[in-house]
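Only one structure is covered here, and it is reproduced in the block below.
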């Protein structure tokens, strides 16, 4: 037992005399792995992840600045440098490195393509990325490069852009890359007018990323696209699009339906507006702001039908003070149109109104209100039994 105690004492004594080792600097590839873990949390809705991403990017920038020249002869470290750039890292200090011959020769087109892409030199980015075989890239990088290439191809070749987004989603499941690729692909497909595919992709997004930090803004923009391109004009397509959001939390789904209804009113698509507003109203608490909004959008279309009297009466029961500024303006516009439908203007008043409107250029929220009024007026012929 005495020897054991002596040995233990010796070990303790030796440890006390040991010189501390200088900590190894963090490898950029390790910092990149952590960055991507943070980004997954962003896609899952962790609000603390966004500031952590900014902090991690700063740490990566410092690691790049302190890296030894031999670092850039390793493919994994150059890949991490490209991920840093494509993730929004500051490029002021790394631009010269990305352009230099200090990088592994086989990685230079990739690095220069990323720099050209992030600095909006599209032609240079397309040329550089054309030399890259996506199948040869590391999985943690391939999705981001495919996404970048899809952005470059969207105007030139939308079908190729969509294929690249599909590929990005395939190689980066569960990541912020897949989440962003879904959002972008839905927007591209919406412009093509393919409502069933928009609904299919939207269902995937709503199922996989309902809590993403970007979901609220995405569904607001999607509602605008649905109305702009008339994707919900056909009842069957409306049901597909409405059902696609079924996996969202109740409040989020109701907000989506209300945004569809409002955008549809502004674009003069009253069947879609009525369908969305009706559905939102069913799940809204009576007297709540959501219920008031639904009633407003529903009444906007009903004043142009045989439901005019009920709609006009209901509009009178809505309070502008309970609506936001935009909806309060829309309420005033709808009430004005409702009054005009039952009070034919004199020829002189019509001429004067036309002259005045030609001199005034509405802006901002006023422009939204005017667009809504114009949309309502486009179908005012219904009140007289004429075709719109």
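Quick notes on this structure:
- Taking other C-beta atoms within 10 angstrom as a stand-in for reagent exposure, 202, 71 fall in the order 71, 202, fewest first.
- Based on alpha carbons, the Rg and Dmax found for the range 28-138 are 14.0, 40 Å.
- Considering all different alpha carbon pairs of the range 216-349, the Kirkwood hydrodynamic radius works out to 15.1 Å.
- Chain lengthening between residue 65 and residue 37 when straightened (0.36 nm per residue, less Cα-Cα): 7.8 nm
- Label sites at residue 166 and residue 319, each approximated as a point 7 angstrom past Cα along Cα to Cβ, lie 5.3 nm apart.
- Anisotropy class of the range 29-68 from Cα gyration tensor, a/c 1.5 cut: oblate
- The ranking of 260, 162, 91, 83 from fewest to most other beta carbons within 10 Å of each one's beta carbon is 91, 162, 83, 260.
- FRET efficiency for the residue 214 to residue 306 pair, using the beta carbon distance and R₀ = 56 Å, is estimated at 0.85.
- Relative contact order %, the range 177-234, counting alpha carbon pairs below 8 Å whose residues are six or more apart: 46 percent
- Per residue, the average separation of C-alpha pairs within less than 8 Å and at least 6 apart gives the range 114-184 a relative contact order of 24 percent.
- Sorted ascending by nearby beta carbons within 10 Å, beginning with the fewest, 220, 169 become 220, 169.
Only the coordinates and a few stated rules stand behind these numbers; no lab work does. This is a predicted model, so every value here is computed, not measured. As a convention, Cβ positions derive from the backbone with ideal geometry for all residues, glycine included, and neighbour counts pool all protein chains shown.
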